Ligand SMILES: Nc1ncnc2c1ncn2[C@@H]1O[C@H](COP(=O)(O)OP(=O)(O)OP(=O)(O)O)[C@@H](O)[C@H]1O
Ligand SMILES: [Mg+2]
């Protein structure tokens with residue numbers, strides 16, 4: 001095995017059990033992702049993309065197969081280690097934003113820092129930077145319910161970035177954005193990948209957005225349909241189209 | 001997460017749900033208010049009672065007939081018991097029997113009214129000796145004179161009256177030398193006490209004293225006493241004197257087994273202890289009522305916390321997803337519960353203190369009692385501790401329920 005493999009997935013299966021109904025969402029998935037890679041995941045609705053991302057982000061457990069992060073099986077991580085990983089190593093951008101209601105933009109973005117050991121005095125500066133990077137400096141003290149869909153999305157992104165995580169899991173981060181804001185977000189993500197060497201795993205429906213990545217994994221009905229390199233990548237400065 | 005952050009997070013959580021938070025702590029507020037009110041008023045009542053008993057004087061020892069009452073129903077028995085007679089007074093007066101006794105007075109309570117020229121008044125009428133009252137209770141005759149031992153020996157129909165009695169019957173005219181009527185018998189007023197107010201069990205101003213011999217013979221028609229009040233030379237000798245009195249009376253009454261005693265001895269210390277026992281028992285009883293109230297309040301807190309945990313399932317899921325440990329979640333919700341109940345405790349302490357202060361003002365102004373407001377510091381500390389504890393105990397279950405949730409399931413909760 002190569003040294004720089006970060007995520008190793010073998011015959012991964014995930015079945016949801018709800019009372020009598022069994023829903024197989026992932027039915028035997030295998031791939032590796034290297035440190036610093038930028039991978040896009042595509043596929044029709046219901047094909048298991050979000051499910052995979054949740055398992056990779058330690059938010060859910062798979063039912064069969066192997067998932068290793070940094071060479072260590074998911075089952076071998078303790079609860080506290082997992083909490084630390086979620087806090088420091090991973091940044092999650094949810095499809096449904098998941099902002100705290102009745103809470104300001106500032107406090108929403110600050111949240112991950114409360115659970116990390118960033119000193120109190122640095123917190124606000126870091127948060128303001130993260131908010132600025134998504135272009136929301138004029139909305140710092142708005143409550144999340146007062147924001148538009150696109151603005152909420154950007155708060156969710158700022159929150160995922162604020163702890164400077166090594167891996168970013170992004171579940172359709174540009175899905176609700178116009179092309180201009182979408183480009184801004186993709187620039188940020190690209191920057192994180194290019195300049196800081198962060199690993200990015202991004203779900204998208206848009207082929208154009210997917211082509212920012214180095215590699216596209218396509219899902220169909222819980223299995224991988226194709227896993228290909230992107231030959232002609234888009235760059236943020238090329239402009240953003242839908 | 002630091003304690004400070006947990007605390008701030010908890011406060012924010014409470015602030016975003018203000019009205020629910022207020023309703024949640026209502027039970028705690030009421031419970032703690034009740035504790036403070038109860039403790040403060042209990043303390044005030046104890047002080048008041050002890051203050052009055054204090055007037056009895058540490059050297060005063062009272063002998064009463066009958067069995068020592070162990071409950072309210074026994075008190076009637078002592079009133080009708082006839083075991084204390086002249087021979088007992090004689091035996092107790094002998095220095096060889098009770099060496100430290102300096103004064104001795106038989107006393108009788110005469111139910112009834114006094115009248116003068118159509119004016120009728122109901123004071124406390126006692127068959128007693130004026131000297132003893134002067135000596136033991138500092139109640140001196142201001143106008144006229146006290147009747148003396150000779151009057152007592154001769155069953156004289158004379159009386160010394162309190163200042164209030166004089167005012168009620170005679171208004172501004174002089175009472176001394178006038179004849180008053182008690183139970184159809186004429187008594188000449190020989191003296192009036194100076195204003196003195198409440199001393200021990202007696203309001204001196206509202207007293208009519210007649211010789212105890214006269215009371216026995218003409219007013220009650222009995223040959224026994226209702227009690228024998230004595231004075232010991234020094235408070236240090238009280239315990240010894242109580243023993244001497246008991247031994248002497250047992251001998252006079254031919255009693256060998258103390259369980260058969262047909263009299264009992266009361267001292268200030270004994271009454272103080274009794275009062276403290278009664279108030280203590282009352283406090284324990286009321287405390288248990290309040291404790292139940294607090295448990296109910298606590299269950300209320302737990303209930304609302306559980307609702308809150310369910311309502312905020314998505315918040316919990318998110319916090320875990322971005323790195324909160326189980327411990328972080330538990331401490332957040334525990335902090336919320338404890339902050340809530342401690343706040344309820346503080347409000348309860350303020351309310352309880354305010355109410356008992358109002359009560360003390362009403363009692364002094366309206367009822368003319370010598371009631372001092374005391375802020376029960378120990379009760380306040382206890383109240384605060386208890387309320388925080390309630391939060392801790394009843395918050396732990398909801399907090400653990402919250403921490404148990406898997407992040408993605410919690411996030412998907414609707
Ligand atoms: N909690 C759940 N219980 C039962 N079935 C579930 C649950 N979550 C997802 N599924 C099912 O698993 C399958 C995969 O869902 P998933 O959310 O991964 O799809 P997706 O590829 O992300 O779709 P979309 O593009 O619409 O977000 C779907 O058929 C969905 O109905
Ligand atoms: Mg999805």
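Can you pull out every residue in the range B:394-414 that is in a helix (DSSP H, G or I) and buried (at least 16 other Cβ atoms within 10 Å of the Cβ)?
B:394, B:395, B:396, B:398, B:399, B:401, B:402, B:403, B:407, B:408, B:410, B:411
Before we move on, is residue A:133 exposed (fewer than 13 other Cβ atoms within 10 Å of the Cβ) and either more than 10 Å from chain B (Cβ to nearest Cβ) or more than 16 Å from ligand 1 (Cβ to nearest atom) (or both)?
Criteria not met by residue A:133.
Of these, B:382, B:389, which one is in a helix (DSSP H, G or I) and at pLDDT 85 or above?
B:389
Here's a check for you: in the range B:2-18, which residue that is free of Cβ contacts under 8 Å to residues at least 12 places away in the same chain and farther than 15 Å from residue B:327 by Cβ is farthest from the other protein chains (Cβ to nearest Cβ)?
Selected residue: B:18.
State whether one or more residues within the range A:50-58 are within 21 Å of residue A:177 (Cβ to Cβ), under 14 Å from the mean Cα position of the chain (by Cα) and within 16 Å of ligand 1 (Cβ to nearest atom).
Taking every residue of the range A:50-58 in turn, at least one turns out to be within 21 Å of residue A:177 (Cβ to Cβ), under 14 Å from the mean Cα position of the chain (by Cα) and within 16 Å of ligand 1 (Cβ to nearest atom).
Do we have residue A:11 as more than 19 Å from the chain's Cα centre (by Cα) and either within 30 Å of residue A:146 (Cβ to Cβ) or within 16 Å of ligand 1 (Cβ to nearest atom) (or both) here?
no
Which of the numbered conditions does residue A:84 fail, given that it passes all the others? Conditions: (1) free of Cβ contacts under 8 Å to residues at least 60 places away in the same chain; (2) facing chain B (nearest Cβ under 9 Å); (3) in contact with a helix residue (DSSP H, G or I) (Cβ under 9 Å, 6 or more places away or on another chain).
Failing condition for residue A:84: (3).
Does the range A:90-99 include one or more residues that are modelled with pLDDT under 95, surrounded by fewer than 18 Cβ atoms within 10 Å (Cβ to Cβ) and within 15 Å of ligand 1 (Cβ to nearest atom)?
Yes, some residue in the range A:90-99 is modelled with pLDDT under 95, surrounded by fewer than 18 Cβ atoms within 10 Å (Cβ to Cβ) and within 15 Å of ligand 1 (Cβ to nearest atom).
Looking only at residues in the range A:216-227 that are away from ligand 1 (no atom under 13 Å from the Cβ) and surrounded by fewer than 18 Cβ atoms within 10 Å (Cβ to Cβ), which one is nearest to residue A:46 (Cα to Cα)?
A:226
Quick check on my filter: what residues within the range A:156-201 are more than 16 Å from ligand 2 (Cβ to nearest atom), in a strand (DSSP E or B), closer than 28 Å to residue A:101 by Cβ and more than 14 Å from chain B (Cβ to nearest Cβ)?
The answer is none; no residue qualifies.
Does residue A:23 fit the bill of being more than 9 Å from every other protein chain (Cβ to nearest Cβ), surrounded by fewer than 21 Cβ atoms within 10 Å (Cβ to Cβ) and away from ligand 1 (no atom under 16 Å from the Cβ)? Don't jump to the end; show me each part of the working.
Working: more than 9 Å from every other protein chain (Cβ to nearest Cβ): yes; surrounded by fewer than 21 Cβ atoms within 10 Å (Cβ to Cβ): yes; away from ligand 1 (no atom under 16 Å from the Cβ): no.
No, not satisfied.
Determine, yes or no, whether residue A:14 is touching a helix residue (DSSP H, G or I) at 6+ places or on another chain (Cβ under 6 Å) and within 16 Å of ligand 2 (Cβ to nearest atom).
On the way: touching a helix residue (DSSP H, G or I) at 6+ places or on another chain (Cβ under 6 Å): yes; within 16 Å of ligand 2 (Cβ to nearest atom): yes.
It is true that residue A:14 is touching a helix residue (DSSP H, G or I) at 6+ places or on another chain (Cβ under 6 Å) and within 16 Å of ligand 2 (Cβ to nearest atom).
Please find, within the range A:26-58, the residue that is surrounded by the fewest Cβ atoms within 10 Å (Cβ to Cβ) out of those that are farther than 22 Å from residue B:407 by Cβ and within 13 Å of ligand 2 (Cβ to nearest atom).
The qualifying residue surrounded by the fewest Cβ atoms within 10 Å (Cβ to Cβ) is A:45.
Taking the residues in the range A:59-81 that are surrounded by 18 or more Cβ atoms within 10 Å (Cβ to Cβ) and within 16 Å of ligand 1 (Cβ to nearest atom) as candidates, determine which candidate is farthest from the other protein chains (Cβ to nearest Cβ).
The qualifying residue farthest from the other protein chains (Cβ to nearest Cβ) is A:67.
Taking the condition surrounded by 13 or more Cβ atoms within 10 Å (Cβ to Cβ), away from ligand 2 (no atom under 15 Å from the Cβ) and in contact (Cβ under 8 Å) with a residue 60 or more places away in the chain, does residue A:9 pass?
The answer is no for residue A:9.
Can you work out which of the residues in the range B:132-148 that are modelled with pLDDT of 90 or more and outside any loop (DSSP other than H, G, I, E, B) is surrounded by the most Cβ atoms within 10 Å (Cβ to Cβ)?
Per the criteria, the residue is B:141.
Only residues that are crowded, with 23+ Cβ neighbours inside 10 Å and facing chain A (nearest Cβ under 7 Å): list them for the range B:320-341, please.
Within the range B:320-341, B:321, B:322, B:323, B:324 meet the criteria.
Enumerate the pairs (first residue in the range B:389-411 and within 14 Å of chain A (Cβ to nearest Cβ); second residue anywhere and not in a helix (DSSP H, G or I)) with beta-carbon separation below 7 Å, excluding pairs fewer than 6 apart on the same chain, so at least 6 apart or on different chains.
Note: pairs meeting the criteria are B:407/A:59; B:408/A:59; B:408/A:60; B:411/A:98.
Looking at the range A:173-201, which of the residues that are buried (at least 22 other Cβ atoms within 10 Å of the Cβ) and within 16 Å of ligand 1 (Cβ to nearest atom) is farthest from residue A:4 (Cα to Cα)?
My answer is A:174.
Among the residues of the range B:355-378, how many are part of a helix (DSSP H, G or I) and farther than 23 Å from residue B:300 by Cβ?
We begin by selecting, within the range B:355-378, every residue part of a helix (DSSP H, G or I); these are B:355-365, B:377-378.
Still in the running and farther than 23 Å from residue B:300 by Cβ: B:356-365, B:377-378.
Result for the range B:355-378: 12.
Applying the selection to the range A:101-119, what residues are closer than 13 Å to residue B:322 by Cα and buried (at least 20 other Cβ atoms within 10 Å of the Cβ)? Give the derivation first.
Narrowing the range A:101-119 to residues closer than 13 Å to residue B:322 by Cα: A:108-116.
Correct list: A:108, A:109, A:110, A:111, A:112, A:113, A:114, A:115.
If you go through the range B:162-184 one residue at a time, do you hit one that is assigned to a strand (DSSP E or B) and closer than 30 Å to residue B:51 by Cβ?
No; the residues of the range B:162-184 include none that is assigned to a strand (DSSP E or B) and closer than 30 Å to residue B:51 by Cβ.
The values are calculated or read from the model by the stated rules, or taken from the named source; none is laboratory data. Worth saying up front: this structure is predicted, and the values here are computed from it rather than measured. Note: ideal-geometry Cβ built from the backbone for every residue, glycine included; neighbour counts use all protein chains shown.
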